[in-house]
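What follows is a single structure, written as structure tokens, with notes after it.
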Amino acid sequence: MDLDRVDPALREALAQLPALDLERWWVRDLAALRSRLIPWTPTPDVVLSTVRDGGARLRVYTPDRSTGCALLWIHGGGLVGDAARVDDRFCGRTALDLGATVVSVDHRLAPRHPFPAALDDAHAGWAWLQVRAPAFGIDRTRIAVGGRSSGGGIAASLVQRLRDEDDEDAAAQWLWSPMLDDRTAADRELDEIDHPVWGNRANRVGWTAYLGHAPGEASPPPYAAAARATDLTGLPPAWISTSDIALFHDEDVAYARALEAAGVETTLDVVAGAPHGFEAWAADTAPARALLRRGREWLAERLAPRA
């Protein structure tokens, strides 16, 4: 991709990112291990605790001043990498700004743990939060589900599953550059486009590992790829961010339009010239700060006490 299409404010941070060939299994394993060794940077007035409870492995961020709402968060990593601790800064800041208890799911990774392992882990985190909401002073009607990249796709699938199971519905779905549609990975023409940070070759590695077969096949299992759902009615309000130069742009926009057509309140935030996930790896830049502010303002409105 022509660097001229990248926002100048993001170019320096982009140049510092390592190039990872995820088609090599040992590169994936090393990247996953590295993500588990990231030191924790404390957020003032937020307490971090870790939980292992049955099938749930969680990182819980509790603000000193709670407003009685919560967020179940699911990390990214293309379904094959990263760990919950990569989002410590993001989750801590979200907890502080919203006065929300943030529960981040440290889900299992493909290919060792293919679908539905990650989704089941997210569901276990939701169940844990529902049971313990009163102890945290949380109103069960004010709990959102969110995630970034592949975590955003898992979050979108989770709210579909909660609706179908007649479980307590999420108050909102908060999707940052979500990885929603395996059919994107099946489009080999996209391999030739140099999408910064996350290209289609890596995308195909992630989807193949998760699904256990080549992406793009007809009739994947329910909830395996959120964009494949045929019924989006009755889902909670959605906020979806994406970028005009990111691989997921078209599938994110299509999903937002499908939600709208199904009567779901949807906000689509398209950032120009921003590589995938820039709000995470370039969080101190002006474009990232602006997107983070807009996203948190939207969520704060959806999680405000009901009249």
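Details
- Every condition in (1) open to solvent by 50 Å² or more (accessible area, probe 1.4 Å); (2) in a loop (DSSP other than H, G, I, E, B) holds for VAL270 except the one numbered (2).
- For the stretch 281-296, the criterion of being touching a Ser or Thr at 6+ places or on another chain (Cβ under 8 Å), closer than 16 Å to ALA95 by Cα and open to solvent by less than 10 Å² (accessible area, probe 1.4 Å) is satisfied by at least one residue.
- In the stretch 157-193, of all residues being part of a loop (DSSP other than H, G, I, E, B) and over 17 Å from ILE240 (Cβ atoms), the one that is most open to solvent (accessible area, probe 1.4 Å) corresponds to ASP166.
- Pairs are defined by a Cβ separation below 6 Å, a sequence spacing of at least 6 or placement on different chains, a first member in the stretch 211-229 that is under 24 Å from LEU162 (Cβ atoms), and a second member that is at pLDDT below 95 and assigned to a loop (DSSP other than H, G, I, E, B); the pairs so defined are ARG228/PRO220.
- Enumerated strands (runs of 3 or more DSSP E) restricted to the stretch 43-104, each holding at least 1 residues that are open to solvent by less than 10 Å² (accessible area, probe 1.4 Å): 56-63, 69-74
- Taking each residue of the stretch 233-252 that is open to solvent by 10 Å² or more (accessible area, probe 1.4 Å) and looking for partners that are of a type in the set (Gly, Ala, Ser) and assigned to a helix (DSSP H, G or I) with beta-carbon atoms closer than 8 Å, six or more apart or interchain, yields GLU251/ALA227.
- Cross-chain or 6+ apart pairs with Cβ under 7 Å, the stretch 256-275 first and closer than 16 Å to TRP298 by Cα and of a type in the set (S, T, N, Q), then open to solvent by 10 Å² or more (accessible area, probe 1.4 Å) and in a helix (DSSP H, G or I): THR266/GLU260; THR267/TRP298
- Number of positions in the stretch 122-148 that are open to solvent by 10 Å² or more (accessible area, probe 1.4 Å) and touching a strand residue (DSSP E or B) at 6+ places or on another chain (Cβ under 8 Å): 9
- Test result for LEU119, at pLDDT 95 or above and part of a helix (DSSP H, G or I): yes
- Flag for LEU58 being of a type in the set (A, V, I, L, M) and closer than 20 Å to ASP139 by Cα: yes
- When ALA300 is tested against (1) part of a helix (DSSP H, G or I); (2) touching a helix residue (DSSP H, G or I) at 6+ places or on another chain (Cβ under 7 Å); (3) crowded, with 18+ Cβ neighbours inside 10 Å; (4) of a type outside the set (D, E, K, R), exactly one condition is not met: (3).
- Enumeration of residues in the stretch 225-259 that are within 21 Å of ARG142 (Cα to Cα), within 18 Å of the chain's Cα centre (by Cα) and either at pLDDT below 95 or in a loop (DSSP other than H, G, I, E, B) (or both): LEU235, PRO236, PRO237
The values are calculated or read from the model by the stated rules, or taken from the named source; none is laboratory data. Note that the structure is predicted; figures quoted are calculated from it, not measured. Ideal geometry is used to build each Cβ from the backbone, glycine not excepted, and the neighbour counts take in all protein chains shown. Side chains are part of the model used for accessible areas, which takes the heavy atoms of the whole protein and leaves out ligands, DNA and RNA. Shrake-Rupley method; radii C 1.70, N 1.55, O 1.52, S 1.80 Å.
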